[in-house]
Amino acid sequence: MEVNNALGWYEASLSVRERKLRGHFSTPPQLVERILDACVYTPEHDLQMLRVFDPACGSGNFLVSAARRLIASGERLSLSPTAIALSVQGMLWGLDPDPVACFLAEMQLHELLTQARLPLSGAVGEGDAEAVDRTREHTAAHFQIHQADGLALQWGENAEDGVDLFLANPPYLAAKNTDLSGYRSTQGRGQADSYLLFLDLAVRVVRPNGWLALVLPDPVLVRANATRERQRLLAQTTLHHLWHLSGVFAAHVGAVVVIAQKHAPARHHQVAWVREKWAVSLSTPTLPHDVPQYLFEQQPGAELRYLLTTHQDTLLNGLQQCWTTEEARSTAHFVPLGELVTIRRGEELGKESPLLQTQRPCDEQQWYPVLRGGVDVQSYSLTTPPPCWIAQHVLQKLLDRYLAPKLLVVKSTARLQAALDLQGHVVLQTLYMLFARTAEVDENELYFLLALLNSHLLQEYVYTLYTAYKWVQPQIEQHVLASLPIPHCTARQKGPISERAKQLMLACSATSTVVELQQDRLYQEQERAIRALYEEMLQK
């Protein structure tokens, strides 16, 4: 069987579910080449003594591409075939727990050296029933590909024993689904997903001035459990590239390529970042933007919020600076939204649940209208008439909670989207319900909060700081919603904003051209008023 056919067969033999469980998704060859270019691992340089290491090598995509460049470098330097072969066999290291993947990686390297007419024993003879076993024996002695768990090995602290180029597309295994407690690097910390352990390993084992390049899931950019790894990365390396890509893998996750060099960054070092769809980038790559590395270092959890430099909105920047550190919050004239409202979720049902009826049944049971999520909730407006109904006796949560006046915020979205429900809808888990904390519900206060939640300012605040960093199925987390800065102001200041919110609710429920023009005028007036209020609070 040819190597390419074997690789294709092995990938096809694994179901998507099995590949997700293993975290087995190969890096596309085009992305591998771009990564090697960015790490300056190119044939124009002398690569013969640079140690390359992939601790989760799979079938060897990174190592094989590196081998091609290593061979081309040796030929450019007019080295002997034996010297080049020895470099390939001694400088390229790979580990993987999967024996089949290791075998395929060895086969690829074996075929590459054979095609390059470099000395190597143990060629596979076509039709030889024992060829696979013999090739395994011969190549195991020549290539540094080993069946092993890279995270479980004892790694020394001597920098000279490290590697010059660390390449990895590690398995994306969440700690909640996989027991990672046996690894030493998880001791004394909270939840650590497997890819974070590989990022920690990369920073530890790369030699001074060496390179590291990892393909990671995009939650690494801002998720709290990655804070320690981000802090270490920013303190000990110069981050050269940050590529945020969608559609790279069939696993329905966004990918982040992190490329860094093992030395402390210069004060004003600029990181080149790209945000693009992988399919589009193959034909028309996006020109990179720059963000100063110190901006990442200043974030409260060392978040890699690259979009901050694209916003010229000084109000948004000022709000971010005054509200993302505890010290600044203590003197700010804002209160967290969570101090004004209680936030809850609706029924734990899917939109296709058989408990939902598209028409209100004519029986003796009590039936209530249902809102399913973003499909039924737009800014300021709800779907009318209600699309679904549910019987009271199947509700798992208190009916009084649904009947009370409440703000509704869509959860699965990249931008804030809120409506006010005064008709007592039951809602599903894809919506947050916000109830006033005071015993007496002040509807004007709810209208005021409704206006803020639908404002362009807070929409951009949430997108820029939180939701943009998850390409696939972005969500507004409950703690993000609860921490939104709300101006601490008087009823007189809130009054006009609340009144316009009422008018916008009426305008959004109508469809005539005249109403649309009125709605547009109201939006503009509302935006100016909200911006002015936030500016006033920031200047105090």
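The values are calculated or read from the model by the stated rules, or taken from the named source; none is laboratory data. Everything quoted here is computed from the prediction, not taken from an experiment. All Cβ positions, even for glycine, are placed from backbone atoms using ideal geometry, and neighbour counts span all protein chains on display. The accessibility values were calculated without ligands, DNA or RNA, using every heavy atom of the protein model including side chains. Shrake-Rupley method; radii C 1.70, N 1.55, O 1.52, S 1.80 Å.
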For GLU525, the accessible surface traced by a 1.4 Å probe with all protein chains present amounts, in square angstrom to the nearest 10, to 60
About its Cα centre, region 43-112 carries a charge dipole, from +1 on Lys and Arg Cβ atoms and -1 on Asp and Glu Cβ atoms, whose size in debye to the nearest 20 is 180
Ranked output for segments 291-297, 396-402, 54-60 by mean other Cβ atoms within 10 Å, highest leading, reads 54-60, 291-297, 396-402
Region 407-437 and region 292-320 have their Cα centres apart by a whole-number Å value of 29
On each of the three principal axes the extent of the alpha-carbon atoms of region 410-488, given in whole Å and largest first, is 40, 31, 19
Taking 526-539, 410-423 and ranking on average Cβ neighbours within 10 Å, highest first, one gets 410-423, 526-539
Measure of exposure for HIS268: accessible area at 1.4 Å probe, Å² rounded to 10, is 130
From most to least accessible, 1.4 Å probe, no ligand or DNA/RNA atoms counted, TRP93, TRP471, TRP278, TRP211 line up as TRP93, TRP471, TRP211, TRP278
So for R0 = 56 Å, FRET eff. of THR358-VAL40 from the Cβ-Cβ r, to 0.05, ends up at 0.40
Cross-link reach from LYS494 to lysines, straight Cα distance under 20 Å and at least 8 residues apart if same chain, gives LYS406, LYS502, LYS540
All alpha-carbon distances of region 365-425, grouped into 5 Å bins from 0, give the whole-percent distribution 4, 18, 29, 25, 17, 7, 1, 0
Most packed first (mean Cβ within 10 Å per residue), the peptides 353-359, 232-238 order as 232-238, 353-359
The correct ranking of SER483, SER281 by accessible area at 1.4 Å, largest first, is SER483, SER281
Of all C-alpha pairs within region 187-324, those more than 21 angstrom apart amount in percent to 44
From highest to lowest solvent-accessible area (probe 1.4 Å; ligands, DNA and RNA excluded), ASP313, ASP363, ASP193 read ASP363, ASP313, ASP193
Net charge (Lys, Arg +1; Asp, Glu -1) of residues whose beta-carbon lies under 12 Å from that of TRP273, TRP273 excluded, is 0
Expressed in square angstrom to the nearest 10, the accessible area of HIS45 with a 1.4 Å probe stands at 80
Here, region 196-243 modelled as identical Cα point scatterers in vacuum has Debye log10 I(q)/I(0) at q = 0.20 Å⁻¹ of -0.65
